[in-house]
Amino acid sequence: MQLVRWLAALAVLVLAPVPQAMAKYAVQVTLTRAPEGDWLVDYRFVRRSPVWVLMRSNGDLEGKPWRPQSWTVETPGVRLDRVGNHDILASDSGAALDRVRIRMRPYVRPLMGDYTPVLTFSDGGLALFTGHFRVSPIASRAAAAALPIDIGNTDVEEVNEYFTLKDPGRSLLVSGRAASNSVAMALRGDGLYVYSGSSKVIENEAFAGVVDPGLPDWVRGELDGFTPRLMRLYADRLGRMRLGRPMALIAWQGADHPGSSLAGSVLEAMVVMQISGEEVLKTSPALLARLRWFLGHESAHFWMGQTVSYARRNDTWITEGAAQILAIRGTQALADDYDADAALQDELDACLATTGAGEPLEKAEERGEFRAHYSCGAMLYLAAEAAERRADAAADGFRFVRRLIDDRREAGTVAADDWLRLFAAASGDAALAGDVRRFVEQGSPDPRAFWKRLFGAVGVAVADKGEGLRLVKPGEEAKE
Ligand SMILES: [Zn+2]
């Protein structure tokens, strides 16, 4: 019951279909389960336009478009194409699209910087992300080709779109509301996952949701044990999160590939995780550390990402960097055997590898180095944390993030200007903050020199090893 209560409070969807009101929707999209694991995606375009752009068009982990690997257009004279940064649906003749049928083979792998299209559960359940079906009318292929990845700040029109999922005989779950046979809603915002399957909703102090019954026991144990401690720690150090107890969809994708894979993302009051790989069947200290770090990163987004979100996509480093540093500091606080120094060193190495001379951090995604947002972002927080500690020896690793959240809690968004303003205040050094701004907005002519200068100014010991930079652990200087 508790679940129903808090979820009802944040329901953002219209569950009941309202046929007479359908006229206000420019687009209707209906998903229907088809035989052999496929789905039929039926678009009905009420608005007249020869070209429709798929608003979310990030690539797969190799940077290739994922829809051509998953979607086959069955309607003659209509094609799915990639132009510039986006997938489009367009007619061969230039006529306006009317009804378009697509056969979809669920795409279940993670994407680069966007939500996995379909999560599969080992009992046959699945969860589909609605945001990937959002479309906008656009004048021409050429206009679509000119769009940036993030069309949020362009004049591309957001039209009303109505989404229906039909899966007769299965139980469905949307934002914690159960339904059977079908669900329907207006699509708005980022979108959400619709779960269809037979798993029971579980609840604990930290979250409610669907946890794959196939997950290895030790992983379930960590979810039950570590996650609530972590969430308590974050709440204690960072203050209240905006959205109460979140919902989790945690899918086990099987052990049929070697190694291990942990992927996750966070959206409105919901965390989704996909765990897979042969190595995950047995616990090991390294894997345990990674799982904890992973839980730490994803859970951190309920504060940096949801309580406060980035203002523009270019500001991704602010939220991903915070999630990285919080995961490291959180795991360090809760797990005695965790090697935080090694984790920080990995971030520094990754940052130097992904941000060359003259390459602005905020443009990392456009040059295919999305990971720079995580690693360089984490290093900027490491500098900010040290600046705080310089001013107050009692400051812990959470202090700067807490300041940032409190400063922006009301506004709900954080941009580079906000981060830099607080960094200038913490370090008492406006010129240094200007240096960081150049690194973010223009790129540094010599990134390694930039980091040496920045760390030197705030008191993070670092040694230049010729090949790269090494963070020097406290008390280790004597050995240099
Ligand atoms: Zn993240």
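Every number here is computed from the coordinates shown, using simple stated rules; none is lab data. Nothing here was measured: the structure is a model prediction, and the numbers come from that model. Cβ sites come from the backbone with ideal geometry, for glycine too, and all protein chains shown count toward neighbours.
Taking R0 as 41 Å, what FRET efficiency do you get between ARG99 and ASP417 from their Cβ-Cβ distance, rounded to the nearest 0.05? Intermediate values should be presented prior to the final figure.
Working: r = 46 Å, r/R0 = 1.13.
Efficiency for this residue pair is about 0.30.
I need the calculated FRET efficiency for the pair ARG367 and ARG79, taking r as the beta carbon distance and R₀ as 22 Å, to the nearest 0.05. After rounding, the FRET efficiency stands at 0.15. Within the range 336-376, none of the trypsin sites (Lys or Arg not before Pro) combine a DSSP coil assignment with at most 15 other C-beta atoms in a 10 angstrom radius. Taking each DSSP H run with n ≥ 4 as -39500 (n - 2.57) and averaging over every residue of the chain yields -10000 deg cm²/dmol at 222 nm.
With each label modelled as a point 7 angstrom along the Cα→C-beta vector, the GLN69-ASP407 pair spans 4.0 nm. Helix 430-441 and the longest principal axis of the Cα set of the chain meet at an angle near 40°. Here each label is just a point 7 Å from Cα along the line to Cβ, and for ALA391 and SER180 those points are 5.9 nm apart.
Within the chain, how many Lys pairs that are eight or more residues apart, or on different chains, come under 21 Å at the alpha-carbon?
Values: LYS64/LYS363; LYS166/LYS200; LYS452/LYS465; LYS452/LYS473; LYS452/LYS479; LYS465/LYS473; LYS465/LYS479.
Lysine pairs, 8 or more places apart or on different chains, close enough: 7.
Relative to the Cα centre, the charge distribution of the chain, modelled as +1 at Lys and Arg Cβ and -1 at Asp and Glu Cβ, gives a dipole magnitude of about 1320 debye. Charge tally for GLY125 (other residues, Cβ to Cβ under 13 Å; Lys, Arg +1; Asp, Glu -1): 0. Rounded to the nearest 20 debye, the dipole magnitude of the range 222-367 is 680 debye, with +1 charges on Lys and Arg beta carbons, -1 on Asp and Glu beta carbons, and the Cα centre as origin.
Quickly rank 47-54, 314-321 as a protection proxy: mean count of other C-beta atoms within 10 Å, highest first. Please report the intermediate quantities before stating the final value.
Details: 47-54: 20.5, 314-321: 25.0.
Most protected by this proxy first, the peptides run 314-321, 47-54.
Can you tell me what the convex hull of the Cα atoms of the chain projects to on average, as an area in nm²? Let's see the in-between values first.
Values: hull surface 93.9 nm².
The number I arrive at for the chain is 23.5 nm².
For helix 217-238, what angle does its Cα long axis make with the longest principal axis of the chain, in degrees from 0 to 90 and rounded to 10? Helix 217-238 and the main axis of the chain meet at about 60 degrees. Under 18 Å from a point placed 7 Å out from the Cα of ALA142 along the Cα-to-Cβ direction: which residues of the range 91-119 have their backbone N that close? 91-95, by backbone N distance to the label point. For the chain, the longest principal axis of the Cα atoms and the long axis of helix 447-458 meet at an angle of about 60 degrees. Taken over the C-alpha atoms, the range 201-284 has Rg and Dmax values of 13.5, 41 angstrom. About its Cα centre, the dipole of the range 303-479 is roughly 320 debye, where the only charges are +1 on Lys and Arg Cβ and -1 on Asp and Glu Cβ.
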